[in-house]
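The values are calculated or read from the model by the stated rules, or taken from the named source; none is laboratory data. Not measured: the values here are computed from a predicted model. For neighbour counting, all protein chains shown are included, and Cβ atoms are generated from backbone atoms with ideal geometry for every residue, glycine included.
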Ligand SMILES: Nc1nc2c(c(=O)[nH]1)N[C@H]1C(S)=C(S)[C@@H](COP(=O)(O)OP(=O)(O)OC[C@H]3O[C@@H](n4cnc5c(=O)[nH]c(N)nc54)[C@H](O)[C@@H]3O)O[C@H]1N2
Ligand SMILES: Nc1nc2c(c(=O)[nH]1)N[C@H]1C(S)=C(S)[C@@H](COP(=O)(O)OP(=O)(O)OC[C@H]3O[C@@H](n4cnc5c(=O)[nH]c(N)nc54)[C@H](O)[C@@H]3O)O[C@H]1N2
Ligand code: SF4
Ligand SMILES: [Mo]
């Protein structure tokens, strides 16, 4: 039998690496980088390489599964649609459409058909109860650029090749690969080339990361204190007259920003972030006086409780040193339609505040940290049904234990996933996910984040297991059963029709041309100045000191003064691992990479001594809301006062009968409160979580979990 070879791209992270997939007798035998793909293949990594193991995993959900008591029975799609439609009718008739909610996870967002139809279905139903993973990923950035530029979806790509100084704040691209709200293919290696040619790389991270190891300067602030560090840098820049303002756009409230920066003594700001004054001065000097530079903050500060202010100040740093929309700085990708496309393709347009806490949605979604309370708090609009599409918030979001209990109390929980994990454990229905290698689709939304005009349509590399249908058809059929018209009846109910309508917004390239290009197509030159053109067209100025941010910063300065006088335990931060994608792939590449201990806590020798623990011991990590036990790894790479727990581990897998078959690692987000949110962004304190460490008398694992089920994953 001959092999069949398909050229497509990976859908696991924004890099969308070109793949060459070989299938023999119905099985994937190799996945290689598609070197004819002009754009992205150089990032190709173990996650894409081992995607075939996910496709062929024996734990995959391969037919709709219906809950009977504590286990599941296989059912047909028709039975699923009939039952779910009937239950929804009852719920909506009784409680109204806002009793139905949705959660779209990260892989849900990477799945064009699923994202479009999940959102489209819930919008057609008329609910505002849409929860998204942005609140545990990027909200801090969205609210900051929204307040400054009027564009929550603004992607500002770092122009790595032309930069003389990269200031990286809470990002580890040596592992994560420069893909967060904009992407630079092969960005890490391109940056290494620049450094070799003499560029500065200043890394701000409480851990001496793989990225910091290649840097020219490393600053290790206290977790969640980047705002103080960046404010101090602004102060130094203003005091030395190093600012250089952009001429293409008008700035408002710059005087307020300057006054704020000068309002706190440099020594005090240095004491808050615990970075020496001289180091701050030097970093500010290098950044501000470099000919071309960019500052880039990502999830490190973004997932703390002070993230929105940190992101605002970082962007302000770029603006006052003229690093925006210029060579070597941060630029808006040159798709005239990129913003429209991205917004329209992934997010609904909702402005309704949340019922229980009264918080505004960000990019159209409520914070996932609000979901448990929305489910358990009685009253009109109480959530009674939930569609969970390609996400695992019990592991990925705050207070997973509380959320799991809330999910268990729903009248209807429908999960669409490749596997049954703990978020799906109490689902009434599990609808099979279709692996990305089984999907032919054009994800215009993610492609709109490219650093240059490039696009590729994914192709089907292998057929789905018999009977597994595209996920979007589930929502299409459910809408039909309920008599709902999707997309306002304006677009045919097919993902290609949605893609085409989005492509038409820009009118730059058509579907036929894209489909004909097996390895993707570059269709224009990279140009800059698009942000300024947008600001000009919309008559906007850049707000350098948005009032809500100023008020919050003032409050933080006061809080910090108190916190400094009251030394506490340690603060937890996260790290990503090569073989994992957030909480999935543990079952394949996650534990295939030897350094990837799932159940360890990394801490500084000083903190280990204080806690009375040594390398290899087990330690209890206790926060305000819970405790876990982890294996100690003493490491000089972590600054004192910070401890590192890898995020994403701890997702158990269940087999088709509902019994648990595998548990790897610890569920660190069970230590994070779902009420202690950044008031500007509604992000829980996933980084900077306060905790104490002490010697454990029992084995590694979660307190609520039978230790016998726990493996160390090494
Ligand atoms: N291999 C792999 N790659 C991935 C992913 C994955 O799970 N695995 N996930 C993808 C996703 S969804 C995203 S959003 C991107 C994210 O991409 P990044 O934002 O680069 O994510 P991380 O690699 O976690 O880097 C965050 C860094 O912030 C540091 N940090 C933690 N708290 C603080 C703080 O308070 N201040 C500062 N300055 N630093 C802090 C951590 O030590 C860590 O090194 O990565 C993507 N790429
Ligand atoms: N402490 C801490 N917490 C974090 C982070 C951190 O750095 N620290 N990072 C955060 C970030 S950046 C993110 S993006 C979130 C992610 O948060 P989530 O999106 O909620 O979590 P994931 O682990 O990505 O969810 C993956 C689920 O999607 C399923 N899946 C994979 N592919 C498909 C598919 O094609 N179809 C369907 N239907 N399902 C699929 C997987 O089986 C898995 O169950 O986690 C956040 N949580
Ligand atoms: S997971 Fe790896 S192979 Fe897949 S797109 Fe991301 S970097 Fe590329
Ligand atoms: Mo993310």
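Looking at this structure, is residue 221 under 24 Å from the mean Cα position of the chain (by Cα), within 16 Å of ligand 3 (Cβ to nearest atom), not in a helix (DSSP H, G or I) and not assigned by TED's automatic domain parsing to the domain that holds residue 575?
no
May I ask you to list the residues in region 593-609 that are more than 20 Å from residue 208 (Cβ to Cβ) and at pLDDT 90 or above?
Within region 593-609, none qualify.
Does at least one position in region 492-505 carry a residue that is more than 26 Å from residue 388 (Cβ to Cβ) and in contact with a strand residue (DSSP E or B) (Cβ under 7 Å, 6 or more places away or on another chain)?
no
Out of everything in region 620-637 that is within 23 Å of residue 676 (Cβ to Cβ) and in contact with a strand residue (DSSP E or B) (Cβ under 6 Å, 6 or more places away or on another chain), what residue ends up being surrounded by the most Cβ atoms within 10 Å (Cβ to Cβ)? Before the answer, list the steps.
First pass over region 620-637, keeping only residues within 23 Å of residue 676 (Cβ to Cβ): 620-630.
Next cut, in contact with a strand residue (DSSP E or B) (Cβ under 6 Å, 6 or more places away or on another chain) only: 620-623, 627-630.
On the way: 620: 20, 621: 26, 622: 17, 623: 21, 627: 17, 628: 27, 629: 22, 630: 29.
Of everything passing the filter in region 620-637, 630 is surrounded by the most Cβ atoms within 10 Å (Cβ to Cβ).
Against the condition crowded, with 24+ Cβ neighbours inside 10 Å, out of contact with any strand residue (DSSP E or B) (no Cβ under 6 Å at 6 or more places or on another chain) and at pLDDT below 95, how does residue 117 come out, does it pass?
No; evaluated as a whole, the condition is false for this residue.
In region 34-49, how many are away from ligand 1 (no atom under 16 Å from the Cβ) and surrounded by fewer than 20 Cβ atoms within 10 Å (Cβ to Cβ)?
Matching residues across region 34-49 total 3.
Among all residue pairs at least 6 apart or on different chains, which show Cβ distances below 9 Å where the first residue, located in region 393-409, is touching a residue at least 40 places away in the same chain (Cβ under 8 Å) and the second is within 16 Å of ligand 3 (Cβ to nearest atom) and part of a helix (DSSP H, G or I)?
From region 393-409, the pairs are 396/106.
Taking the conditions exactly as written (closer than 16 Å to residue 206 by Cβ and touching a residue at least 40 places away in the same chain (Cβ under 8 Å)), does residue 613 satisfy them or not?
no
Would you check which residues across region 15-30 are surrounded by fewer than 24 Cβ atoms within 10 Å (Cβ to Cβ) and in contact with a strand residue (DSSP E or B) (Cβ under 7 Å, 6 or more places away or on another chain) and list them?
20, 22, 23, 28, 29, 30
Among the residues in region 204-218, are any modelled with pLDDT of 95 or more, more than 15 Å from residue 575 (Cα to Cα), within 16 Å of ligand 3 (Cβ to nearest atom) and crowded, with 20+ Cβ neighbours inside 10 Å?
Checking region 204-218: not a single residue is modelled with pLDDT of 95 or more, more than 15 Å from residue 575 (Cα to Cα), within 16 Å of ligand 3 (Cβ to nearest atom) and crowded, with 20+ Cβ neighbours inside 10 Å.
Residue 305 versus (1) out of contact with any helix residue (DSSP H, G or I) (no Cβ under 8 Å at 6 or more places or on another chain); (2) over 29 Å from residue 530 (Cβ atoms); (3) in a helix (DSSP H, G or I): which is the lone unmet condition?
Unmet condition: (3).
Taking region 125-141, which residues are in a helix (DSSP H, G or I) and away from ligand 1 (no atom under 12 Å from the Cβ)?
Our first condition is that a residue be in a helix (DSSP H, G or I); within region 125-141, this holds for 125, 133-136, 139-141.
Selection gives 125, 135.
What residue, among those in region 662-714 that are within 16 Å of ligand 1 (Cβ to nearest atom) and on the phi > 0 side of the Ramachandran plot, is modelled with the highest pLDDT?
Ranking the qualifying residues of region 662-714, first place goes to 688.
Within region 404-432, track down each residue that is outside any loop (DSSP other than H, G, I, E, B), closer than 23 Å to residue 475 by Cβ and modelled with pLDDT of 95 or more.
Listed by number, the residues that qualify are 407, 412, 413, 414, 415, 416, 417, 429, 430, 431, 432.
I'd like the full set of residues that are within 23 Å of residue 15 (Cα to Cα) and away from ligand 1 (no atom under 16 Å from the Cβ), limited to region 79-116.
Going through region 79-116, the residues within 23 Å of residue 15 (Cα to Cα) turn out to be 104-116.
Across region 79-116, the qualifying residues are 112, 113, 114, 116.
Can you name the number of the only condition in (1) at pLDDT 95 or above; (2) crowded, with 17+ Cβ neighbours inside 10 Å that residue 499 fails?
(1)
Identify all residues within region 222-278 that are over 26 Å from residue 331 (Cα atoms), crowded, with 19+ Cβ neighbours inside 10 Å and free of Cβ contacts under 8 Å to residues at least 60 places away in the same chain; write none if there are none.
Within region 222-278, 269, 270, 273, 275 meet the criteria.
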